[in-house]
1. Please indicate, with yes or no, whether at least one residue in the stretch 273-291 is outside any helix (DSSP H, G or I), among the basic types (Lys, Arg), within 14 Å of the ligand (Cβ to nearest atom) and not assigned by TED's automatic domain parsing to the domain that holds LEU591.
2. Search the stretch 344-367 for residues that are over 13 Å from SER390 (Cβ atoms) and more than 15 Å from the ligand (Cβ to nearest atom) and pair each with any residue that is open to solvent by less than 10 Å² (accessible area, probe 1.4 Å) and of a type in the set (Phe, Trp, Tyr) when their beta-carbon atoms are under 8 Å apart and the residues are at least 6 apart or on different chains.
3. If you take the residues of the stretch 413-431 that are more than 15 Å from the ligand (Cβ to nearest atom) and among the hydrophobic types (A, V, I, L, M, F, W, C), which of them is most open to solvent (accessible area, probe 1.4 Å)?
4. Out of LYS493, LYS469, LYS462, LYS509, which single residue is within 24 Å of the chain's Cα centre (by Cα) and of a type outside the set (A, V, I, L, M, F, W, C)?
5. Under the condition of being polar (S, T, N, Q), touching a strand residue (DSSP E or B) at 6+ places or on another chain (Cβ under 9 Å) and open to solvent by 30 Å² or more (accessible area, probe 1.4 Å), which residue from the stretch 245-296 is nearest to ASP461 (Cα to Cα)?
6. Between VAL484, VAL375, VAL381, which is within 16 Å of the ligand (Cβ to nearest atom) and not assigned by TED's automatic domain parsing to the domain that holds ILE343?
7. Is it the case, given these coordinates, that GLU96 is assigned to a strand (DSSP E or B) and open to solvent by 10 Å² or more (accessible area, probe 1.4 Å)?
8. Take the stretch 517-540 and flag every residue that is farther than 23 Å from ALA456 by Cβ and open to solvent by 30 Å² or more (accessible area, probe 1.4 Å).
Amino acid sequence: MCGIVGYIGVKPADYIILNALKKLEYRGYDSAGISLLTAQGNIYTEKEKGKIVNLESLIFEKNKKISSYCGIGHTRWATHGEPSMINAHPHTDCAENISVVHNGIIENYTQLKKELIEKGHSFKSETDTEVVPHILEDYLKETDDILEAVNNTIEKLEGAYALAIILSGQEPVIIGVRKGSPLVMGVGDKDYFLASDIPAFLEYTNNVIFLDDNEIVILKKFSYDIYRKNEKITKQINKIKWDAAQAQKSGYKHYMLKEIYEQPEAVKNTILDKVNFTKKEINFENFDESIISLLKECSNITITACGTSWHAGLIGKFLIESLTDVTVEVDYASELRYREKFIKPNSLLIAVSQSGETADTLEVIKKYKKLNAKVLSICNVLGSSIPRESNYTIYTHAGPEISVASTKAFTTQVTVFLLLALYIARKRNSVNNEDFENYIEIMKNLPALLENTINATANMDKIAPELSKYSNYLYLGRGINYPVALEGALKLKEISYIHAEGYPGGEMKHGPLALIDENFPSVILLPKDSLYEKMFGNLNEIKSRRGKVVLFTSDSNIYDNLNDYADYIFKIPDCDKFFQPIVYVIPLQLLSYYIADFKGCDIDQPRNLAKSVTVE
Ligand code: G6P
């Protein structure tokens, strides 16, 4: 989704803004643009379709070395109007004295545009955003007070927005406004930043102010003011622990590969602040008596999320229901937000989100809170909207995830679910001491287990040339590994554009078997568990129809003749059932990665997809 950047300070703004936009590329975009305030107080704007490098070379080709220390930039993910140079942001008013970048949707823009045209304004683009500079233009004719004009402008806007605005002909300022779309502020030594996400400016500062809805920030050269309406407010500066190196590729060909390899470390960081291995205890920061008694007493929990986080939620259901007597429902946030549903007073909603900004998940949280339900979120990005809307948050501490296809976010979310399920089981006495301590011990060794898994399956690149020839794949798993099959199929679809479907093995006979022939390969998860024989039956069914099989199976205790049933066999280190999803998903991530890489796909930024889906 769209990314916003703003910079004011002592460094060349063009360089900083282009650099920051590149850091936001992972959000997904189709065009980019920049507006700089020149030393003469004019606004210089340049925009281009496609990648940021196109914009960069356009600026260099024109050899415009602009001396500017204040500007805004944007990566656009088209919602209103096709991806084009004209529709790319920034957008300006009639006199081109105001330049605006926007993330979100102005829902009432059609009506506003009609009124503005009637008043004599002329529009250049098809976007909803362009109404903003024109409304502000009118208000700035009535007053010199920028805050008053901005407040009047946003009063007219319906929908969600994060805006960054610059004005010509006066002391350089950047105005940032937030309602429903992410906007954070970076506080440097002699400069200030605005961005949709922290990695944009992490290279320059890790001092961050999280802006809340309906707040306006006015950044000046050496000072800033934050307002809620007309009231000046003070906000806390947070020190972010992520460092810039974590948001770099560090020698890996793609962020995705780096993030796959980071999983042992990421999971270690997830566990670190939650498990006391000496006392054999699990604790969550900020859990108070109210959430503890809710977890002890509630009879059902609803989990909501989108995409990969939804798959983590399905595993969460399996874990909580296996270890406790609580019933768990899992719903896509995009469905749940519009569904009529009776929400009991003592209900708990668990919202799962890597970014903490997914619009549908955020809306479900708001809906549940209105009905007095408590909300616990599982999130990676500190201070993002979802944790701020939730009553409680468990952070995954996976570090910045840049690749659009989620990897380490998933394994750390599932780790949190396992810890939470064990925690609830402990509070409800549904797990005995010995088992609980045994799980804690396995947890201690989980990072090493993931390291071994990566080592055991890193040679997946060898089979990529052969496997990239097919256009369809079936992924099969059972029980706790069924969502892993879904996640494996999603990874393949997202980055290699090969169609793939995940199915529970037991459903094979109810449809998918009809598809199997020598051109329709299957990826099968066959861990050593109580359903081993059943899954083995699927293997038989596929092989007798000449289907190709890529098999992921346990290191030990397998039949000797598996070679008769599978074309490619990968042995995965043995582990307890509850830990299998975290382990088995890794080779599936690698498989998709190498197939997509062989096909030459744009792995970190797959076509049409965005990392953070901040609009519906
Ligand atoms: C997008 C991303 C996925 C992600 C999903 C949910 O579709 O491309 O990788 O799983 O959003 O995002 P969230 O940040 O809420 O986990």
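The values are calculated or read from the model by the stated rules, or taken from the named source; none is laboratory data. Because the structure is a prediction, the values reported are computed rather than measured. Ideal geometry is used to build each Cβ from the backbone, glycine not excepted, and the neighbour counts take in all protein chains shown. Each accessible area value is taken on the protein alone, full model and side chains, heavy atoms only, with ligands, DNA and RNA left out. Shrake-Rupley method; radii C 1.70, N 1.55, O 1.52, S 1.80 Å.
1. no
2. SER347/TYR368
3. Applying the filter and picking the extreme gives VAL431.
4. Residue meeting the stated conditions: LYS493.
5. The initial filter retains those residues of the stretch 245-296 that are polar (S, T, N, Q), namely 246, 248, 250, 263, 269-270, 276, 278, 283, 286, 290, 293.
Cutting the leftovers down to touching a strand residue (DSSP E or B) at 6+ places or on another chain (Cβ under 9 Å) gives us 270, 276, 283, 286, 290.
Applying the additional criterion that residues be open to solvent by 30 Å² or more (accessible area, probe 1.4 Å) yields 276, 283, 286, 290.
Values: ASN276: 38, ASN283: 40, ASN286: 44, SER290: 50 Å.
Per the criteria, the residue is ASN276.
6. Result: VAL484 is the single residue among VAL484, VAL375, VAL381 that is within 16 Å of the ligand (Cβ to nearest atom) and not assigned by TED's automatic domain parsing to the domain that holds ILE343.
7. Numbers: assigned to a strand (DSSP E or B): no; open to solvent by 10 Å² or more (accessible area, probe 1.4 Å): yes.
In short, no.
8. Matches in the stretch 517-540: ASP517, GLU518, ASN519, SER530, GLU533, LYS534, ASN540.
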